[in-house]
Structure formats: C-alpha cells, structure tokens
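Undergrad: Can you read through this structure? Questions will come right after.
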Amino acid sequence: QVQLVESGGGLVQPGGSLRLSCVASGSIFRLYTMGWYRQAPGKQRELVAAVTSRESTNYANSVKGRFTISRDNAKRTVYLQMDSLKPEDTADYYCNANVGVNNYWGQGTQVTVSS
C-alpha cells in the first residue's frame, strides 16, 4: 500500500504560479512512476504530467512549456511547478503512483485560477 499526500493548491490569478507537492510512503519510491492528474467539474480526470523512475517525463499538450514535473527520491516527493496559469487550469489535482499493476491516488488538492 502506498499513501500519497498532496499540498500546494490554492487560488492564484491568471499568469501566476503554484507548486504542488506530493509525498509518498514506501521504501521503493524511486521505482514508482509518478504522475499528476486533474479533474475539472463535469469533466473526466486527465493526465497532466508524469515522470518515470528513470526521470523520463511526458506532459499533456495543454500544459507543455508551462508546467514542469520533477521528483526527489531522497524525500519521496514529486513536484508539479505550474507557471503561466490559465483559468482553464482550474481543477482538482491528484497525485498518482504507479507500481507495476497497482495504481495509488492521493486525496487531491484544489487549484483555482481566477482574477
């Protein structure tokens, strides 16, 4: 069982920045593929960004060039740096850990981009 705890959400104006953090339990964090997903009201959950154990990354087209995912294995933490935020980035953001055939989710953190 992997437990994930997100933090860093909040209210920000368009063009602003936020950094989300997700701390994971487990001694083999370095082997997890970690991802950030988001779900806006009335929409399906979608992948925002992911980073593999080898630190290969991929991003949704809508966030490329604005968001950066990174990981710190010593701290068992994955980050999502979000810059140039837009109102359409407003959603609940969820941390995900993929370990083999198992997927684990955090409780989510809300991000609201509004003036």
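The values are calculated or read from the model by the stated rules, or taken from the named source; none is laboratory data. Given the structure is predicted, the values throughout are model-derived calculations rather than measurements. Note: ideal-geometry Cβ built from the backbone for every residue, glycine included; neighbour counts use all protein chains shown. Each accessible area value is taken on the protein alone, full model and side chains, heavy atoms only, with ligands, DNA and RNA left out. Shrake-Rupley method; radii C 1.70, N 1.55, O 1.52, S 1.80 Å.
Undergrad: Restricting attention to region 93-108, report how many residues are in contact (Cβ under 8 Å) with a residue 60 or more places away in the chain, part of a loop (DSSP other than H, G, I, E, B) and over 11 Å from the mean Cα position of the chain (by Cα).
TA: Here the count works out to 1.
Undergrad: Another one. Which residues, taken from region 52-92, are open to solvent by 10 Å² or more (accessible area, probe 1.4 Å), more than 19 Å from VAL2 (Cα to Cα), in contact (Cβ under 8 Å) with a residue 24 or more places away in the chain and not in a strand (DSSP E or B)?
TA: SER62, ASP83, SER84, LYS86, PRO87, GLU88, THR90
Undergrad: Related question: In region 20-51, how many are among the basic types (Lys, Arg) and loosely packed, with under 14 Cβ neighbours inside 10 Å?
TA: Summing the residues that are among the basic types (Lys, Arg) and loosely packed, with under 14 Cβ neighbours inside 10 Å in region 20-51 gives 2.
Undergrad: Within region 33-44, does at least one residue satisfy the condition of being closer than 21 Å to THR109 by Cα and among the basic types (Lys, Arg)?
TA: yes
Undergrad: Which condition does LEU80 not pass, out of (1) of a type in the set (A, V, I, L, M, F, W, C); (2) more than 17 Å from GLY10 (Cβ to Cβ); (3) in contact with a Leu (Cβ under 6 Å, 6 or more places away or on another chain), if it passes all the others?
TA: It is condition (2) that LEU80 fails.
Undergrad: Do the conditions hold for VAL111, that is, is it in a loop (DSSP other than H, G, I, E, B), touching an Asp or Glu at 6+ places or on another chain (Cβ under 8 Å) and crowded, with 19+ Cβ neighbours inside 10 Å?
TA: no
Undergrad: Checking the conditions here, which among ARG76, ARG66, ARG71 is in contact with a helix residue (DSSP H, G or I) (Cβ under 7 Å, 6 or more places away or on another chain) and at pLDDT 95 or above?
TA: Within the list ARG76, ARG66, ARG71, the selection yields ARG76.
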